[in-house]
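Q: Sending over a structure as structure tokens; questions will come in a sec.
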């Protein structure tokens with residue numbers, strides 16, 4: 001069954017994408033929750049018209065995201081954490097802390113658009129996070145966890 005996504009669905013697609021999914025997944029998950037609608041001929045025509053009208057806005061958003069990603073690539077992130085005697089952190093570094101560190105540099109990134117590469121950060125050292133600025137603009141940002 002082909003459906004048109006109304007919003008971003010992780011591991012499936014972004015809003016306004018036409019994707020092919022299994023019938024049960026569409027009927028039991030996507031449609032009842034309002035994540036998608038069935039891709040009928042009239043819905044496709046309406047989607048094409050909407051996308052045509054939004055193309056200029058989308059290009060501007062993508063350009064702004066590229067600019068922000070390039071500016072942030074030059075910056076270095078350091079995150080302070082309380083550390084025990086063995087060098088391990090009390091708790092762990094999460095996406096909220098990374099989003100706050102990026103915000104301190106003057107950039108606004110939602111924590112949901114940040115994914116830490118590898119396993120959880122539980123000790124002092126250098127790590128990487130993948131930040132999605134726009135659906136086409138994804139950058140790997142290095143960060144360092146230091147003792148507070």
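The values are calculated or read from the model by the stated rules, or taken from the named source; none is laboratory data. All of these numbers come straight from a predicted model, not from anything done at the bench. FYI the Cβ positions are ideal-geometry reconstructions off the backbone, even for glycines, and counts take in every protein chain you see.
Q: Quick one: which residue in 61, 31 is part of a helix (DSSP H, G or I), in contact (Cβ under 8 Å) with a residue 40 or more places away in the chain and closer than 30 Å to residue 4 by Cα?
A: Values: 31 fails: in contact (Cβ under 8 Å) with a residue 40 or more places away in the chain.
Exactly one of 61, 31 is part of a helix (DSSP H, G or I), in contact (Cβ under 8 Å) with a residue 40 or more places away in the chain and closer than 30 Å to residue 4 by Cα, namely 61.
Q: For the structure I just gave you, tell me whether residue 83 is at pLDDT below 95 and in contact with a helix residue (DSSP H, G or I) (Cβ under 6 Å, 6 or more places away or on another chain).
A: Values: at pLDDT below 95: yes; in contact with a helix residue (DSSP H, G or I) (Cβ under 6 Å, 6 or more places away or on another chain): no.
Answer is no for this residue.
Q: Does residue 55 satisfy being surrounded by fewer than 17 Cβ atoms within 10 Å (Cβ to Cβ) and part of a helix (DSSP H, G or I)?
A: Details: surrounded by fewer than 17 Cβ atoms within 10 Å (Cβ to Cβ): yes; part of a helix (DSSP H, G or I): yes.
Yes.
Q: Inside region 19-39, can you point out the residues that are touching a strand residue (DSSP E or B) at 6+ places or on another chain (Cβ under 7 Å) and loosely packed, with under 15 Cβ neighbours inside 10 Å?
A: Selection gives 20, 38.
Q: Pairs only if they're at least six apart or on different chains, beta carbon under 7 angstrom, first in region 78-89 and without any contact (Cβ under 8 Å) to a residue 40 or more places away in the chain, second assigned to a strand (DSSP E or B) and exposed (fewer than 11 other Cβ atoms within 10 Å of the Cβ); list them, first residue then second.
A: Taking only residues 6 or more apart or on different chains, the pairs are 84/90.
Q: Still on this structure: Being more than 14 Å from residue 142 (Cα to Cα) and crowded, with 18+ Cβ neighbours inside 10 Å narrows it down to one of 65, 99, 69, 104, so name that one. Before the answer, list the steps.
A: Working: 99 fails: more than 14 Å from residue 142 (Cα to Cα); 69 fails: more than 14 Å from residue 142 (Cα to Cα); 104 fails: crowded, with 18+ Cβ neighbours inside 10 Å.
Every option except 65 fails the conditions.
Q: Okay, moving on. Could you list, ordered by first residue, the pairs with Cβ atoms under 7 Å in which the first is in region 36-55 and assigned by TED's automatic domain parsing to the domain that holds residue 20 and the second is surrounded by fewer than 11 Cβ atoms within 10 Å (Cβ to Cβ), at least 6 apart or interchain?
A: none
Q: Are there any strands (runs of 3 or more DSSP E) wholly within region 68-148 with 2 or more residues that are under 21 Å from residue 14 (Cα atoms), touching a strand residue (DSSP E or B) at 6+ places or on another chain (Cβ under 9 Å) and not assigned by TED's automatic domain parsing to the domain that holds residue 14, and if so which? Spell out how you get there, then give the answer.
A: Numbers: elements: 77-81, 88-93, 114-116, 121-123, 125-134, 137-147.
So the answer is 114-116, 125-134, 137-147.
Q: Does residue 144 fit the bill of being touching a residue at least 60 places away in the same chain (Cβ under 8 Å) and surrounded by fewer than 17 Cβ atoms within 10 Å (Cβ to Cβ)? Even if it seems obvious, please write down each step before you answer.
A: Numbers: touching a residue at least 60 places away in the same chain (Cβ under 8 Å): yes; surrounded by fewer than 17 Cβ atoms within 10 Å (Cβ to Cβ): yes.
The answer is yes for residue 144.
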